[in-house]
1. On alpha-carbon atoms, Rg over Rh for region 232-302 using Kirkwood Rh?
2. Helix 270-302 versus the longest principal axis of the chain: what angle, 0 to 90°, nearest 10, using Cα atoms?
3. Viscosity 1.567 mPa s, temperature 4 °C: what is the translational diffusion coefficient of the chain from Stokes-Einstein with a Kirkwood Rh over Cα pairs, rounded to a whole number of µm²/s?
4. Which residue fluctuates the most in the chain, going by a Gaussian network model with Cα springs under 10 Å, if the choices are 137, 159, 307?
5. Using Cα atoms only, what is the angle between the long axis of helix 232-261 and the major principal axis of the chain, expressed in degrees (0 to 90) to the nearest 10?
6. Where does each of 223-230, 169-176, 245-252 land if you order them by average Cβ count within 10 Å, highest first?
7. Choose one answer from 216, 196, 168: the residue with the largest mean-square fluctuation in a GNM of the chain with alpha-carbon springs under 10 Å.
8. Please build a GNM for the chain, connecting alpha carbons under 10 Å apart, and tell me which residue among 241, 268, 288 fluctuates the most.
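Every number in this text was worked out from the coordinates using simple rules, so none of it is lab data. Remember, it's a predicted structure, so these values are computed and weren't measured experimentally. Glycine gets a Cβ as well: all are built from the backbone with ideal geometry, and neighbour counts include every protein chain shown.
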Ligand code: UDP
Ligand code: MG
């Protein structure tokens, strides 16, 4: 039986502080799996440099010169985590790819477990954070709320799963058929189907450096997830519109009744001004939400490429271009 070739896909944006450590943990891990007969000799690490502005790329080059397993893919500029990840998944060779962050927050020791699930016939294996007490209270609270909101909107996402996952070649080929520009990979992967499994792990703290996901990026990513997978906000507008119309009809009937039954009743200032502001607010919000979807249609219709690869280095690429 030929052993499958594993590729580890690791997006990196300004990660000069962690790459050395990440590599020194991954190399023995790969060696162990090769010895165990889980993966082939050609298994490799693919660092995807997402247009870093620090020494990340030169570090990848020197790591690649030192270790045959280390390969590098350099994007032409920063395209964001999801695009960098997709680039790695679409570019790296291998029978199965595992995507993982560079900062060692995801427990690497569950990788052999993921590969065993693959050997048992799973095409997708999700890494799920069992405990995340190393995250800030704010991050945990908002993440939990978000997963619940997604579930309420009937969007299929795996609770507490981010982008730590295994994909087989077959799953990757299916993923390649999704051409959308606004990427939300954890939602897309759920659409693939196929046999899947879950491995649980405890989330650690970032090894070094700062999060490359500040609050603004996190919020925009969360909104991206909602608008890419659900039209519930549009439906909500319709519902609110309907309820407000119903309310105003009731108000009109009440006002008429007051006028007819209790003559000289005075209709106050509040009953005029409050609904005016309220309706103005609801209308602006509704327009905004509709606008968001239209903007999305606009971006999707352009079908712009999601990334451009500048350079590929490392043994796996040399082999491929020769083969
Ligand atoms: N990342 C990237 N491009 C970006 C931002 C982040 O490739 O524009 C990478 C980053 O280097 C890391 C992963 O995405 O490997 C997750 O980012 P980070 O750990 O900063 O996010 P957090 O864990 O704080 O949510
Ligand atoms: Mg992180």
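1. Ratio of gyration radius to Kirkwood radius for region 232-302: 1.22.
2. So the inclination is approximately 30 degrees.
3. On the way: Rh = 22.4 Å.
So the translational diffusion coefficient is about 58 µm²/s.
4. 137
5. Between helix and principal axis, roughly 10 degrees.
6. Working: 223-230: 18.0, 169-176: 16.5, 245-252: 10.8.
Highest to lowest by the protection proxy: 223-230, 169-176, 245-252.
7. Highest fluctuation of the listed residues: 216.
8. Among 241, 268, 288, the largest GNM mean-square fluctuation belongs to 268.
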